[in-house]
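The values are calculated or read from the model by the stated rules, or taken from the named source; none is laboratory data. Everything numeric here is computed off the predicted structure, so don't read it as measured data. Cβ atoms come from the backbone with ideal geometry, glycine included; neighbour counts cover every protein chain shown. Please note that ligands, DNA and RNA were not included when accessible areas were found on the heavy atoms of the full protein model with its side chains. Shrake-Rupley method; radii C 1.70, N 1.55, O 1.52, S 1.80 Å.
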Amino acid sequence: AFASHFAPAQLFEALNIYYNKFQPSKYLDKPYTIGCINVIAADTVAEAEKISTTLIRMMLGVMTGNIDYMQPPVEMTPELKELASNPAFQRMFKYAFIGSKESVKQKTSEFLKQTGVNEV
């Protein structure tokens, strides 16, 4: 299983190494991969963004060493939007699909095509 917080280059490098160095065993005859992604889907983008504030605040705690329990969602504020647009957050959220059900489905399909993983 490969975690989605890898930078894209690292993710594809890890997948490439695995696929090219894979050796069959009695348990597995060909490579099998699982991609871990974060998904926040809601009826509207605004609702999904509100739900994502829990993830943003949790990741801020991880990054600053102020880890706390997950907090309930709050309205998206300009400060939280700015924080989420920070390059460090953008790297971690590269494969965090937040939005309407349709957009999340599309992003997940693109992820599957790009990576070739067998399962998410």
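Before moving on, here are some points about what is shown:
- Qualifying residue in the stretch 41-50 (condition: of a type in the set (Gly, Ala, Ser) and on the phi > 0 side of the Ramachandran plot): no
- Output for the stretch 15-57, where each listed residue is open to solvent by less than 70 Å² (accessible area, probe 1.4 Å), outside any helix (DSSP H, G or I), of a type outside the set (A, V, I, L, M) and closer than 17 Å to Glu102 by Cα: Asn38, Thr44
- Considering the stretch 70-99, the residues that are among the hydroxyl-bearing types (Ser, Thr, Tyr) and over 21 Å from Gln114 (Cα atoms) include one that is least open to solvent (accessible area, probe 1.4 Å), namely Thr77.
- The stretch 88-109: number of residues that are modelled with pLDDT of 90 or more and farther than 17 Å from Gly35 by Cβ: 5
- Only helices (runs of 4 or more DSSP H) whose full extent lies in the stretch 58-120 are considered here, and the ones with at least 1 residues that are within 13 Å of the chain's Cα centre (by Cα) and among the hydrophobic types (A, V, I, L, M, F, W, C) are 87-92, 101-115.
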